[in-house]
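Novice: I'd like to ask you about the structure that follows.
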Amino acid sequence: MSEVFIRVINMSISASYIVLAVLLLRLLLKKAPKWIAVLLWGMVAVRLICPFTMESVLSLIPSAETVSPDIMMDRTPEINTGIPIINQVINPVIGGSFTPDPGTSANPLQLWIPTFAVIWIIGMEALLIYTVISYAKVKRKIGTAVLLRDNIYQSENVVSPFVLGIVKPKIYLPFNMNEKDMEHVVAHEKAHIRRKDHWWKPLGFLLLALHWFNPLMWLGYVILCRDIELACDEKVIGELDHDARADYSQALLTCSVNRRMIAACPLAFGEIGVKARVKSVLNYKKPAFWIIIAAVVACVVVAVCFLTNPPQKEDDSMSPHGEIYTDYEGVYITIESIDKDEGGQMVFNVVWHNETDKEVTYGEMFTIEYQVGEEWMDTDFDEEGYFTTIGYWLRKNETASKSYHAEHLDISKSGTYRFVVPFSVKKGCKYPSYKAWAEFKIGPVPSMGFLREQHPEYFGLDASDGLDVYVWQMAKNSYSFGLLPHAKQGRDWTAHELLNLRGIRAEEMSAILSTYRVNENDIFIIPWQNPLSSYLGEWQIVREGEDAKDLDAKRQAYVEYVWRMLSLR
């Protein structure tokens, strides 16, 4: 239910942009036919109904997904409105309010969003119950109505004309209406029926009930009802002369008394906004042809710009794009791509650039630094993380590619990093050292759609007996995770299905586990020694004086640590 609620929120936010566009266009197209405004509101309805839409570079929707479906799993929750200045104002508040405490594992939004979803459902049910009750009241009042002709009825309980019914709409009139007013009123109500307005207003209210939490939807619904009436008036008076229009206006004024019963029922059509309608009728002029063409073009532009989503960038958790730096002008590096090898280790594919007339030498040594505020911090190297410099020559005005394997590094946390490498420049018989760096980003957990696309083998597993989460290390601070259905008899550690496991990050595994309806007792953490790795975890190392009991304790401590990494405890 929470995922449905988040999807509705995103649809409502996207529709809000088109509501604002329609409100602006109504002001600019005052001289256009009134049905244009109703058509524009129809586009709002399409945006509110359709969860999927086409992508277009012309889209003016800043973000197709303001609230990520994975926000409940994020360690630092944030939204993406597509408007940087709004993100900068809102996200610190969201992060400060909903970021999990270091001692807890649960994101507070895991509680709040389901709570909001329940409130949303209660509000929706309340509006629908209100509709049923108001409809029943109106039906009871017109229970004694008398057929006049065709689908036209009269009743002593009706003080203002209206249309009621969706499948077989009926027109209800008061008994005391004179013949002249009745002629205009019946023409108006029949125009409503021909235009299918008795369908569009209930549909509008149904969408309002679905998006009741959005104030713009309430404003849009009220104005939609007025625009429907104005468009219907325009259809009727288009063939009337000046005197007949004056009589029509008088009929509107006569019918404007005591409209509360009808205004309270979303399924009934009564006379609303009479003052504006009378003014519109008396000032009516047939729109010029060029105004109609301009209005139609405006509708097409609105459809292209607001019924489409902006193209989505490739959803990847690693981005090599960022600032580059060198302390020797003309010698620098760029990160061409960031990949993973078979063991799950990150591989930086770097291009060296030498735009000078000097010879440059570089080697295998590099460091990774993490940005904290305005400062850069070293990541967690161990002593094996440094390599003896082996010289590679880069001659003047040349480029060269080099791949660096990021072993023994902890670079799993989301944020901005920089890849720093030393190099030397030949100056006579000396080789003074310099350094260059290139920034890259590790983003938050990719969307669930991206994970499903990249790792389909971890979705749709048989979880009836539980799930086995295998964890292995290729280096000190590098953890990889794989998922399989629980095997009651255990698995051979060289089983084919184990050897085929593709490692993913802890955050990604946590997000995938959230799609399964299994409790903590049905998830089994299994430390595993990957045959491709020579690294031994603490849970495997037997030191002098330790026995099997000590090893079991270390293994259990390791499992508890993995539970915390997965944010499950």
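Novice: Using the beta-carbon distance between residue 399 and residue 377 and R0 = 25 Å, what value does 1/(1 + (r/R0)^6) give for FRET efficiency, to the nearest 0.05? Mind dumping the intermediate values first?
Specialist: Working: r = 31 Å, r/R0 = 1.22.
About 0.25, to the nearest 0.05.
Novice: Treating only the Cβ of Lys, Arg, Asp and Glu as charged (+1, +1, -1, -1), what charge dipole size does region 432-471 show about its Cα centre? Round to the nearest 20 debye. Don't jump to the answer; show the numbers that get you there.
Specialist: Working: 3 positive and 6 negative charges, 92 e Å.
In total the dipole reaches around 440 debye.
Novice: Cα-Cα over 27 Å: which of 402/427; 139/285; 141/196; 137/180?
Specialist: On the way: 402/427 24 Å; 139/285 39 Å; 141/196 24 Å; 137/180 30 Å.
As for pairs spanning more than 27 Å Cα to Cα, those are 139/285; 137/180.
Novice: Can you give the charge dipole size of region 485-569 about its Cα centre, rounded to the nearest 20 debye, using +1 on the beta carbon of Lys and Arg and -1 on the beta carbon of Asp and Glu? All intermediate terms of the calculation are to be shown ahead of the outcome.
Specialist: On the way: 11 positive and 13 negative charges, 54 e Å.
That gives a dipole near 260 debye.
Novice: Pull out the extension gain between residue 347 and residue 462, defined as 0.36 nm times the separation in residues minus the alpha carbon to alpha carbon distance; nm, one decimal. Spell out each step's value before the answer.
Specialist: Working: separation 115, 0.36 × 115 = 41.40 nm, distance 3.37 nm.
Stretched fully, the residue 347-residue 462 segment lengthens by 38.0 nm.
Novice: Summing Lys, Arg as +1 and Asp, Glu as -1, what charge do residues with Cβ under 15 Å from the Cβ of residue 438 carry, residue 438 excluded?
Specialist: Here the charged neighbours net out to -1.
Novice: Can you give me the solvent accessible area of residue 22 with a 1.4 Å probe, rounded to the nearest 10 Å²?
Specialist: Residue 22 exposes around 0 Å² with every protein chain in place.
Novice: Next up: Taking 0.36 nm per residue of sequence separation and subtracting the Cα-Cα distance, how much length would be gained by fully extending the chain between residue 541 and residue 130, in nm to one decimal? Walk me through the numbers before you get to the answer.
Specialist: Values: separation 411, 0.36 × 411 = 147.96 nm, distance 6.82 nm.
That works out to 141.1 nm of additional length.
Novice: Ordered by residue, what ³J(HN,Hα) values in Hz, to whole numbers, does region 23-32 give under the Karplus form 6.51 cos²θ - 1.76 cosθ + 1.60, where θ = phi - 60° and Gly and Pro are x?
Specialist: Working through the residues one at a time gives 4, 5, 5, 4, 6, 7, 10, 4, 8, 7 Hz.
Novice: Continuing with the same structure: Please list 3J(HN,Hα) in residue order for region 296-305, calculated via the Karplus relation 6.51 cos²θ - 1.76 cosθ + 1.60 where θ = phi - 60°; whole Hz, with x for glycine and proline.
Specialist: For region 296-305, the Karplus-derived couplings read 5, 4, 4, 5, 5, 4, 4, 4, 5, 7 Hz, x marking Gly and Pro.
Novice: As an exercise, use a Förster radius of 25 Å and the Cβ-Cβ distance of residue 489 and residue 551 to find the FRET efficiency, rounded to the nearest 0.05.
Specialist: Values: r = 22 Å, r/R0 = 0.90.
Working from the Cβ atoms, E equals 0.65.
Novice: Determine the distance separating the Cα centre of region 486-505 from the Cα centre of region 21-40; give it in Å without decimals.
Specialist: A separation of 62 Å, based on Cα centres.
Novice: Report ³J(HN,Hα) in whole Hz for each residue of region 490-500, in order, from the Karplus equation J = 6.51 cos²θ - 1.76 cosθ + 1.60 where θ = phi - 60°; Gly and Pro get x.
Specialist: Listing the rounded values in order: x, 10, 5, 5, 10, 4, 4, 5, 6, 5, 8 Hz.
Novice: Sticking with this one: Using the beta-carbon distance between residue 247 and residue 20 and R0 = 51 Å, what value does 1/(1 + (r/R0)^6) give for FRET efficiency, to the nearest 0.05?
Specialist: On the way: r = 38 Å, r/R0 = 0.75.
Efficiency computed from Cβ-Cβ geometry: 0.85.
Novice: Note the direction-averaged projected area, equal to a quarter of the hull surface, for the Cα convex hull of region 415-565, in nm². Provide the component values of the computation, followed by the final result.
Specialist: Numbers: hull surface 55.9 nm².
Across all orientations, region 415-565 yields a mean hull projection of 14.0 nm².
Novice: May I pose another question? If you place +1 on the Cβ of every Lys and Arg, -1 on the Cβ of every Asp and Glu, and leave all else neutral, what size is the dipole of region 119-210 about its Cα centre, to the nearest 20 Debye? Write out the running numbers ahead of the final one.
Specialist: On the way: 13 positive and 8 negative charges, 46 e Å.
Computed charge dipole of region 119-210: roughly 220 debye.
Novice: Another one. Over region 1-76, what percent of the accessible surface lies on carbon and sulfur atoms, probe 1.4 Å? Mind showing how you got there, number by number?
Specialist: Values: 2570 of 3760 Å².
So the carbon and sulfur contribution to the accessible surface is 68 percent.
Novice: What does the net charge come to around residue 207 if you take all other residues with beta carbon closer than 15 Å to its beta carbon, with K and R at +1 and D and E at -1?
Specialist: Working: positive: 7, 47, 201; negative: none.
Overall, the nearby charge balance is +3.
Novice: How large, in percent, is the carbon and sulfur part of the accessible surface of region 185-241 at a probe radius of 1.4 Å?
Specialist: That fraction is 69 percent.
Novice: Would you list 116, 98, 52 from the most to the least accessible area, probe 1.4 Å? Before the final figure, lay out the partial values.
Specialist: Working: 116 90, 98 50, 52 150 Å².
So the residues, ranked largest to smallest area, are 52, 116, 98.
Novice: What distance in nm separates the simple spin-label points at residue 140 and residue 563, each placed 7 Å from Cα in the Cβ direction?
Specialist: 5.8 nm
Novice: Stretch residue 119-residue 434 to full length: gain in nm at 0.36 nm per residue minus the Cα-Cα span? Each step should come with its number before you reach the end.
Specialist: Numbers: separation 315, 0.36 × 315 = 113.40 nm, distance 6.02 nm.
Contour length minus the Cα-Cα distance gives 107.4 nm.
Novice: Got a sec? What order do 141, 180, 34 fall in by accessible area at 1.4 Å, biggest, i.e. largest, first? The partial results should precede the final answer.
Specialist: Numbers: 141 90, 180 115, 34 55 Å².
Descending accessible area places them as 180, 141, 34.
Novice: When the accessible area of region 440-539 is computed with all protein chains present and a 1.4 Å probe, what percentage of it is carbon and sulfur? Before the final figure, lay out the partial values.
Specialist: Details: 2260 of 4660 Å².
Carbon and sulfur atoms account for 49 percent of the accessible area of region 440-539.
Novice: Taking a 1.4 Å probe, which of 147, 566 shows the most accessible area, and what order do the others take after it? Working shown, then result.
Specialist: Numbers: 147 100, 566 0 Å².
Per-residue accessible area, sorted high to low, gives 147, 566.
Novice: Ratio of alpha-carbon Rg to the 2.2 N^0.38 Å globular estimate for region 24-86, to two decimals, please.
Specialist: Numbers: Rg = 16.5 Å, N = 63, 2.2 N^0.38 = 10.6 Å.
Normalised Rg, Cα atoms only: 1.55.
The values are calculated or read from the model by the stated rules, or taken from the named source; none is laboratory data. Small disclaimer: the values here were computed from a predicted structure and weren't measured. We place every Cβ from the backbone using ideal geometry, glycine too, and count neighbours over all the protein chains shown. What goes into the accessible areas is simple: the full protein's heavy atoms, side chains included, and nothing from ligands, DNA or RNA. Shrake-Rupley method; radii C 1.70, N 1.55, O 1.52, S 1.80 Å.
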